[in-house]
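Chemist: My questions will all concern the structure given below.
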Amino acid sequence: MGLSSLPELLQLEKSLEEAHGLVSSTEQTSLLLSHFELISSQVSSPSCEVSADEIEKLLQSDGDFNLAQCCNKCHQKLFYNDECASKGELQADLQPCCYESVERYKHAVSLDVSFWWFLLNSFPCCVMTLPNYTRLMLTHGIPPALRSRIWGLFTLAGNAQGTTDNYMENLYHSLNKDVSPDISIIVKDVNRTFPEISMFAEYSTKTKFENILNAYSIFDSEMGYCQGLQFIVAPLLFHFKDDLKTFNALVKIFELNKLRPIYDHEMSGLHLWFFQFDKIFETEVPELYAHFKELNIDIQMFLAQWFLSFFSITIPFSFLIRMFDVLLLEGVKSTLFRVGITVLSKNTDLLKTIQDSELIYQHLLSENCWGIFQQDVDLFIDSVMSLPVNHYSSEHLSTLEDVFSKKGIEDPILERVKMRLYG
Amino acid sequence: MSSRKKTLLKVIILGDSGVGKTSLMQQFVNGKFSQQYKATIGADFLMKELVLDDKTVTMQLWDTAGQERFQSLGVAFYRGADCCVLVYDVTNPKSFENVSLWRDEFLVQANVKNPENFPFVVIGNKIDVDESKKLVSLKKAQQFCANLGNLPLFQTSAKEAVNIDQAFDVIARNALQQEENDEFQDEFNDAININLESENQGCAC
């Protein structure tokens, strides 16, 4: 598969220019490459061949994965809910620009097909040789129809054709022969995870969902089930559809991103995250930071909700999906931090006019904090991706961790936390 | 003096996961019930203005996550509370047993000045279910509240809006009293400071 015509070449050149525009310096791809190193160190089998025709066909198919699609001009949601999306029923009050978007989604330019074909078939090679371009394409969003396969590659949960290995399959089934001690909370939580999305109201989805959480809480029985996990599983299951693949992805995401300490019984890792985020917040958005200090705002009040649920409690679902496109390849922690900083910095002008700490908490804990983006998912993701990444790199975060571990212990909670983290 | 100042009452709602803390708050503040609340992670809160006798107060209701491990985040949320509501589910005996654990946990973490007199209110929720499903009797709950120093007890249904306003009226009054006691303490301290200052600077007239 190669570039066949002059228009394609010209377009490639334009896209590459755009890629360089987004990534002002080579530094910008460092997050992608450092997290990718972790992923690729665990890749064992080579990817399976997917043909370009197959990709083109997928790109033209409809499906409920279209739910997260919005018009790229006016940002109107194209489908009322996922049920309409799966039937391909468009919203009634669409504008001409929306119909153009629909067509655009269906007829992906052949250059895009080439790129996704390259990524699916030679994932490591694609990221290593075209890091800027990969980052640009992720920023634009993975085509919904390819998402399940590409997320499968990013999370090592499946190969390009979307199948999972035997070992995990056996493990998953044997784990589900037992019942988790947390099963009653799991059942309750599954019933209240994105209840507005019809797929999650279906009995078959609920059963899969319960099985995934049940298996995970037995798989890591010391950590057990922690509330918040259901919100990480939801977008994965939404695209994978398959519970085994979702479980597999969850295991890998935890491993690669070392998420365990933030969800364990002491939530020890979470306190470190609070500390690191506080320092970054201070440098990145100093005006608002000073305002918060003046009002005695405790950032933990909203960060706990943001981090443990990956923002899912309030974030629009289309934003969440696009955040996952980035987060799975650039790393969980750095992405959640960048989203948090973006929300704070975009809301700075508004928050600075508020003198009541309660109103600030209320704003940041509710859907209101996303209002500034006016449903524009591209604006949201572009803001996140244009932040200087070296402030979120693992080197920078570990420098901050050193400061944290050496900091004098002033309260009993932190004392417990540090004992757990550093022995 | 205090009438000109905005009176803000901070109320913390605690209880096991799924007993209906979010629903109670939503019913009281917005007058609606939905099966569709997302699980609370960390904490969330709502505000409501109330008139108690002739005084306008703003209630700040903190809804918390029910899973035990979230208690490690408690300190931040519990600070400055004026009243604590302990919720159990009448169909779930375990959630009732845990009420006293939640109370102890709150007292340890909130660092209140006067633990013996700190106002708690106990709520048994979901009384709209069939009699056969009610596994925590009213009598048992009354006995329990009496033993803990006559804590006010309400049996409610967030779903059918039964006893919600009555419960929150008592919660608000108790919180207000607690707030005024605290304020009296603070003003008393302030008064001493002011006197000291005026002594140094002499009389203004």
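The values are calculated or read from the model by the stated rules, or taken from the named source; none is laboratory data. What you see is a predicted model; the values in this text were computed from it and never measured. Using ideal geometry, Cβ is built from the backbone for each residue, glycine included, and neighbour counts are taken over all protein chains shown. For accessibility, only protein heavy atoms count, side chains too; no ligands or nucleic acids. Shrake-Rupley method; radii C 1.70, N 1.55, O 1.52, S 1.80 Å.
Chemist: How large is the accessible surface per residue of region A:166-254, computed with a 1.4 Å probe and reported in Å² as a whole number? Could the numbers behind the result be given before it?
Modeler: Details: 3190 Å² over 89 residues.
Ligands and nucleic acids excluded, the result is 36 Å² per residue.
Chemist: I'd like the mean, over residues of A:191-198, of how many other protein chain beta carbons sit within 10 Å of each residue's own Cβ. Working shown, then result.
Modeler: Values: counts 4, 9, 2, 2, 5, 2, 0, 0.
Whole-number average of other-chain Cβ neighbours for A:191-198 is 3.
Chemist: How many partner chain Cβ atoms sit within 10 Å of a residue's Cβ in peptide A:199-208, on average, as a whole number?
Modeler: On the way: counts 0, 0, 1, 0, 0, 0, 0, 0, 0, 0.
Neighbouring Cβ atoms belonging to other protein chains average 0 per residue here.
Chemist: Taking both sides together, what accessible area is buried at the A/B interface, probe 1.4 Å, expressed in Å² and rounded to the nearest 100?
Modeler: Values: alone 18730 and 11800 Å², together 27710 Å².
It comes to approximately 2800 Å² buried between A and B.
Chemist: Using a 1.4 angstrom probe on heavy atoms only, work out the carbon and sulfur share of the accessible area of region A:166-254 in %.
Modeler: 53
Chemist: To the nearest 0.05, what FRET efficiency results for B:Lys55 and A:Met128 with a Förster distance of 56 Å applied to their C-beta separation?
Modeler: Values: r = 68 Å, r/R0 = 1.21.
Once the sixth-power term is evaluated, E becomes 0.25.
Chemist: How would you classify chain B from its alpha-carbon gyration tensor, with a ≥ b ≥ c the square roots of the eigenvalues: rounded for a/c under 1.5, else prolate if a/b is greater than b/c, otherwise oblate?
Modeler: Numbers: a/c = 2.23, a/b = 1.99, b/c = 1.12.
In terms of gyration-tensor shape, prolate.
Chemist: Can you compute the radius of gyration and Dmax for region A:263-422, using only the Cα atoms, both in Å?
Modeler: Reported Rg and Dmax, both Å: 15.6, 44.
Chemist: For every helix of n ≥ 4 consecutive DSSP H residues, a contribution of -39,500 (n - 2.57) applies; sum these over the protein assembly as shown, divide by its total residues, and give [θ] at 222 nm rounded to the nearest 500 deg cm²/dmol. Walk me through the numbers on the way to the answer.
Modeler: Numbers: 31 runs with 356 residues, N = 628.
Helix-only estimate at 222 nm: -17500 deg cm²/dmol.
Chemist: Please report the relative contact order for chain B, taking Cα pairs under 8 Å with a sequence separation of at least 6, and give it as a percent rounded to a whole number. The partial results should precede the final answer.
Modeler: Values: 316 pairs, mean separation 48.2, N = 205.
Once divided by the residue count of chain B, the mean separation gives 23 percent.
Chemist: Calculate the FRET efficiency for A:Lys293 and B:Leu135 from the Cβ-Cβ distance with a Förster distance of 45 Å, rounded to the nearest 0.05.
Modeler: So the FRET efficiency works out to roughly 0.40.
Chemist: Could I ask something else about it? Relative contact order, percent, of chain A when contacts are C-alpha pairs under 8 Å separated by at least 6 residues?
Modeler: Values: 490 pairs, mean separation 78.1, N = 423.
Relative contact order here is 18 percent.
Chemist: Continuing with the same structure: To test your reading of the geometry: what angle, between 0 and 90 degrees and rounded to tens, separates the Cα axis of helix B:164-201 from the longest principal axis of chain B?
Modeler: 20
Chemist: Considering amide H positions built from the backbone, and no H for Pro or chain starts, which residues 5 or more places from B:Leu9, or on another chain, come under 5 Å of its amide H?
Modeler: B:Thr58, B:Met59, B:Gln60
Chemist: Here is a further query. Please compute, for the alpha-carbon atoms of chain A, the extent along each of the three principal axes and give them in descending order in Å.
Modeler: 66, 53, 44
Chemist: Have a look at the DSSP beta bridges in the protein assembly as shown and tell me what percent are antiparallel, nearest 5.
Modeler: On the way: 12 of 33 bridges.
Counting only bridges with both partners in the protein assembly as shown, antiparallel ones make up about 35 percent.
Chemist: Also, I was wondering about something else. Say each of A:Asn368 and B:Asp182 gets a label point 7 Å from the Cα, pointing the same way as Cα to Cβ; how far apart are those two points in nm?
Modeler: 2.2
Chemist: How much area per residue is accessible in region A:286-423 when the probe is 1.4 Å and only protein heavy atoms are counted (Å²)?
Modeler: Numbers: 5260 Å² over 138 residues.
Each residue of region A:286-423 exposes 38 Å² on average to a 1.4 Å probe.
Chemist: Can you give me the angle between helix B:93-110 and the longest principal axis of chain B, using Cα atoms only, in degrees from 0 to 90, rounded to the nearest 10?
Modeler: 20
Chemist: Report the gain in length on full extension from B:Asn30 to B:Lys94: 0.36 nm times residue separation, minus Cα-Cα distance, nm rounded to one decimal.
Modeler: Working: separation 64, 0.36 × 64 = 23.04 nm, distance 2.91 nm.
Gain in length upon complete extension: 20.1 nm.
Chemist: Rounded, prolate or oblate: which one fits region A:331-423, using the alpha carbon gyration tensor with axes a ≥ b ≥ c (rounded when a/c is under 1.5, else prolate when a/b beats b/c, else oblate)?
Modeler: Working: a/c = 2.77, a/b = 1.50, b/c = 1.85.
Oblate shape, in that a/c is at least 1.5 and b/c is the bigger or equal ratio.
Chemist: For A:Leu359 and A:Glu13, calculate 0.36 nm times their separation in residues minus their Cα-Cα distance, and state this gained length in nm to one decimal.
Modeler: Details: separation 346, 0.36 × 346 = 124.56 nm, distance 4.82 nm.
Length gained between A:Leu359 and A:Glu13: 119.7 nm.
Chemist: Taking H placed 1.01 Å from N in the peptide plane, check which residues at least 5 places from B:Gly42 or on another chain put their amide H under 5 Å from its amide H.
Modeler: Under 5 Å from the amide H of B:Gly42: B:Ala65.
Chemist: Can you give the Rg and Dmax of region A:166-254 based on its C-alpha atoms, in angstrom?
Modeler: 11.8, 35
Chemist: Over all directions, average the projected area of the Cα convex hull of region B:1-76 and note it in nm². Display every interim value, and only then the final one.
Modeler: Working: hull surface 24.3 nm².
It is 6.1 nm².
Chemist: Right, next: Got a number for carbon plus sulfur as a percent of region B:66-149's accessible area, 1.4 Å probe?
Modeler: Working: 1920 of 3910 Å².
Percent of accessible area from carbon and sulfur atoms in region B:66-149: 49.
Chemist: So if R0 is 56 Å, what FRET efficiency would A:Glu395 and B:Leu107 give, r being the distance between their Cβ atoms, rounded to the nearest 0.05? Write down the numbers at each step before the final one.
Modeler: Working: r = 43 Å, r/R0 = 0.77.
The calculated FRET efficiency here is 0.80.
Chemist: On to the next question. May I ask you to find the residues of region B:14-42 that are shielded by at least 50 Å² of accessible area once the whole protein assembly is considered instead of their isolated chain (probe 1.4 Å)?
Modeler: B:Ser17, B:Gln36, B:Lys38, B:Ala39, B:Ile41
Chemist: Apply the Karplus curve 6.51 cos²θ - 1.76 cosθ + 1.60, θ = phi - 60°, to the phi angles in region A:350-356 and return the couplings in whole Hz, x for Gly and Pro.
Modeler: Taking θ as phi minus 60°, the curve returns 5, 5, 5, 7, 8, 9, 9 Hz for region A:350-356.
Chemist: Relative to the isolated chain, which residues of region A:334-363 have their accessible area cut by 50 Å² or more in the presence of all protein chains (1.4 Å probe, heavy atoms, no ligands or nucleic acids)?
Modeler: Going by heavy-atom accessible area, the residues of region A:334-363 that drop by at least 50 Å² are A:Glu358, A:Gln362.
Chemist: Non-local amide H neighbours of B:Leu52 (under 5 Å, H modeled in plane, Pro and chain starts lacking H): which ones?
Modeler: Answer set, sorted by chain and number: B:Val57.
Chemist: Going by Cα centres, region B:141-181 and region A:225-277 are how many Å apart?
Modeler: Cα centres, region B:141-181 to region A:225-277: 37 Å.
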